[in-house]
1. Using a Förster distance of 30 angstrom, determine the FRET efficiency expected from the C-beta separation of residue 101 and residue 132, and round it to 0.05.
2. Given H placed 1.01 Å from N in the peptide plane, which residues other than close sequence neighbours of residue 110 have an amide H under 5 Å from its amide H?
3. Work through the residues other than residue 79 whose Cβ is under 15 Å from its Cβ and net out their charges, Lys, Arg +1 and Asp, Glu -1.
4. Between residue 188 and residue 140, what length comes free when the chain is fully extended (0.36 nm per residue of separation minus the Cα-Cα distance, one decimal in nm)?
5. If you stretched the chain out fully between residue 87 and residue 31, how much longer would it get, using 0.36 nm times the residue separation minus the C-alpha to C-alpha distance?
6. Kirkwood Rh, the stretch 30-172, all Cα pairs: how many Å?
7. Provide the per-residue ³J(HN,Hα) series for the stretch 92-107, in order, calculated from phi with Karplus coefficients 6.51, -1.76, 1.60 and θ = phi - 60°, each as a whole number of Hz, with x at glycine and proline positions.
8. Can you run phi through the Karplus equation (6.51, -1.76, 1.60; θ = phi - 60°) for the stretch 190-201 and list ³J(HN,Hα) in whole Hz, with x for Gly and Pro?
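Derivation of every value follows stated rules applied to the coordinates shown; laboratory data play no part. Note that the structure is a prediction, hence the values are computed from the model and not measured. Every residue, glycine as well, gets a Cβ built from its backbone with ideal geometry; the counts of neighbours run over all protein chains shown.
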Amino acid sequence: MKTVKDQSKAGYSSLGTVSKKMFAMICDRLNVPVAYVTKRGHTDITVLSSYNHTEEVIPEGYIVEYSSTYCRHIIENGMMTTSNLMQYRMTKDLSVTGDLKMKGFLGVTVKDVNGNVFGTLCVMDRNEKEFSKEDAEYLSSMAELLSHIIELDRAKYDLGFLSVPIIPITNGISILSLQGTVDEIRSEKIITDVLENASIHSISCFIIDLSKLFVQDDLFSNLLFTLTEALKLIGTDTIITGVTADFAIEQYRHRSFEQIKASFAKDISTALESIGYQLTEK
C-alpha cells in the first residue's frame, strides 16, 4: 500500500465535502462499513475521499497501480461485485486483496457529465456479502450524482484560470503559461489577449507553455493552430513547451500538430536558450 499527499486531489473540495455525507447514507443503505471514490490517473488509481465507519481500511490518498486494482475491472466492465474478494478469480491474487483482507465488494464506474471515465465508487465489507441488483442500481445512481459534483468542482477550479497569464521576459519575448482547461470562451480570450499583447509590445517570440494544462483535447489543438497561425501573420514566432508524453502520442496519432507552425522545446529554459537567453537565479 502506498499513501501520499497526492496533487490529483486538488480542485475537488466539493466532492470531498459532499461525498462524506453521501458515504454515510450509502453505508447505512447497503449495510457496509467502507465506501470510497477514486480518480483514475495515467498509471494509477487514487482515493480522493473515503468513509471508514469502525476502522480505517481505505485512507484518503491511498494509491495503487492501475493494473493491480479492482478499479481496472470495474472500469472495463462498468461494474464489479463479489461476495468474497479473497476467493474471486479476478481479485484473489492481487496484492491489494492481501493487504486489505476485505471480502464483500461492490464497485461502479464514475463518469463525468460528458461520459468520460473519472474513476470508481466502491463499498466493502470485512465479511462475505452478496449485493443485489437493486444495490448495484442504487450505487450507480449515487455515482451519477457524483458526476455533477465533479463538474461543479471543475467549473470552480477553472474560474481561477480565466485570466490569460502572459509573462514578459525581455523586450520582444513573452511567455503564455496556460493552466486549467480550455473551452470555446476561454479560447477566444486567449487568442485576443495574446495577439493584442504581441502587437502592442512588438513581441518577436511567444513561448507557449502547456505543462500546467488540466485538460488537453481537440479543441485545444485547434486553438494552438489558430493562435500560431495568427501570430505568424503579425511576424511573431512561437515556441511550444511542456508537452506531455501522453498528449504528444495522442496528437501524433491524429496528426494534430502537423499543421502547427511552431518550434517545440522540452521546457521554458530550453526554449529561451534556443533563442539566445538563459534563466538565472538572483
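1. 0.80
2. Amide H neighbours of residue 110: 118, 119, 120, 121.
3. Computed value for this residue: -3.
4. The span from residue 188 to residue 140 would gain 13.6 nm if fully extended.
5. On the way: separation 56, 0.36 × 56 = 20.16 nm, distance 2.13 nm.
Roughly 18.0 nm would be gained on extension.
6. Radius from the Kirkwood sum: 16.4 Å.
7. 3J(HN,Hα) across the stretch 92-107, in whole Hz: 5, 9, 6, 4, 5, 5, x, 5, 7, 6, 9, 10, x, 8, 9, x.
8. 4, 4, 4, 5, 5, 5, 5, 5, 4, 6, 5, 9
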